[in-house]
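The next block holds one structure in the form of structure tokens; read it before the comments.
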Amino acid sequence: MADKSKKSENTHDVLTQGVQLYKQRRYTDALTFFIGLPSDTGADSIELAYYIGLCYAKLQRYDDALLYLEQVVTSGTHLDRVLQCRFLLAVIYALSGRRRLADFELNKLLETGYQTASVYAAIAYVAWEQSDTEKCLQYYEKSLESDPGNLTSLNGMGYVLACENKDLTKALSYCKKAVAAEPDSAACLDSLGWVYFKLGLMKESKKYLEDAEKKDKDNEIIQQHLIQLSKAEAGQ
């Protein structure tokens with residue numbers, strides 16, 4: 001009995017180390033820990049799948065992440081984690097262009113009422129990718145009604161309004177709030193710079209678009225915005 005107790009304690013210690021590495025954002029090290037656990041440790045297989053899936057997602061190895069996150073969702077256990085992993089599945093499907101699957105997962109989440117503001121924001125993003133602007137704006141509004149401080153929706157709403165040349169004053173307000181909440185976010189800085197561009201305020205636009213580029217030099221959208229800004233400045 002003493003040996004079994006000691007074995008259980010050691011297993012817990014190993015799992016705890018992996019969780020701590022994950023919390024420290026050392027995702028590669030955490031993944032190595034979790035994958036390297038011997039099969040006879042007695043660790044909960046769904047618990048392991050959960051953390052391995054999270055690590056892969058953080059490392060943007062989405063196909064690998066899907067394999068483990070789907071295990072958690074189909075297990076039917078650990079309800080909170082099932083819902084969290086379903087949301088992650090939806091985001092990954094959206095990012096990888098599998099929008100029907102994203103819609104399926106998001107609709108399932110809506111049925112449960114899980115993280116309503118975040119789910120609405122994700123639905124809005126998928127709608128935007130599908131060129132359904134009306135639905136996109138509708139769900140960003142729903143998200144902000146549920147959580148007025150939702151950063152994704154503040155930024156998304158402002159950016160979409162700017163792209164559509166709709167209510168640019170409101171777009172500016174949304175994007176300013178997003179940047180105030182997350183001043184180091186390249187996406188938020190880019191959106192604010194783009195709103196200023198649409199307003200014809202080139203000096204302000206340049207400041208924020210260049211700040212965005214410093215944060216994310218390889219972002220194609222930011223580069224496109226800077227090109228359009230340069231063309232506009234050359235035509236003045």
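The values are calculated or read from the model by the stated rules, or taken from the named source; none is laboratory data. Values in this document were obtained by computation on a predicted structure and should not be read as measured data. Cβ placement follows ideal geometry from the backbone for every residue including glycine, while neighbour counts extend to all protein chains displayed. The accessibility values were calculated without ligands, DNA or RNA, using every heavy atom of the protein model including side chains. Shrake-Rupley method; radii C 1.70, N 1.55, O 1.52, S 1.80 Å.
Key figures
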item: Loop-located GluC sites (Glu not before Pro) in the range 139-214, at most 16 other Cβ atoms within 10 Å (DSSP); result: Glu164
item: Amide H partners (placed H, <5 Å) of Asp132, local residues excluded; result: none
item: ³J(HN,Hα) computed for each position of the range 141-156 - Karplus, 6.51 cos²θ - 1.76 cosθ + 1.60, integer Hz, glycine/proline x; result: 5, 4, 4, 6, 5, 6, 8, x, x, 4, 4, 4, 6, 4, 5, x
item: Solvent-accessible area, 1.4 Å probe, carbon plus sulfur percent, for the chain; result: 48
item: Calculated semi-axes √(5λ) of the Cα gyration tensor in Å (choose from [x] 32, 29, 16; [y] 30, 24, 15; [z] 41, 20, 14), label; result: [z]
item: Which of Val82, Asn107, Leu161, positive extreme of dipole for the chain (C-beta unit charges); result: Leu161
item: Where labels lie 7 Å past Cα in the beta-carbon direction, separation of Gln223 and Asp167 in nm; result: 3.4
item: Dipole in debye (nearest 20) - the range 56-175, about Cα centre, beta carbon charges: Lys, Arg +1; Asp, Glu -1; result: 200
item: Net dipole in debye of the chain [+1 Lys, Arg Cβ; -1 Asp, Glu Cβ; about Cα centre; nearest 20]; result: 340
item: Trypsin sites (Lys or Arg not before Pro) within the range 152-236: DSSP coil, no more than 16 neighbouring Cβ in 10 Å; result: Lys166, Lys217
item: Top of Gln84, Gln24, Gln130 by mean-square fluctuation, Gaussian network on the chain, Cα under 10 Å; result: Gln24
item: Whole-Å distance, taken between Cα centres, linking the range 118-196 and the range 28-68; result: 33
item: Sites Glu233 and Glu145, calculated FRET efficiency, Cβ-Cβ separation with R0 41 Å, nearest 0.05; result: 0.60
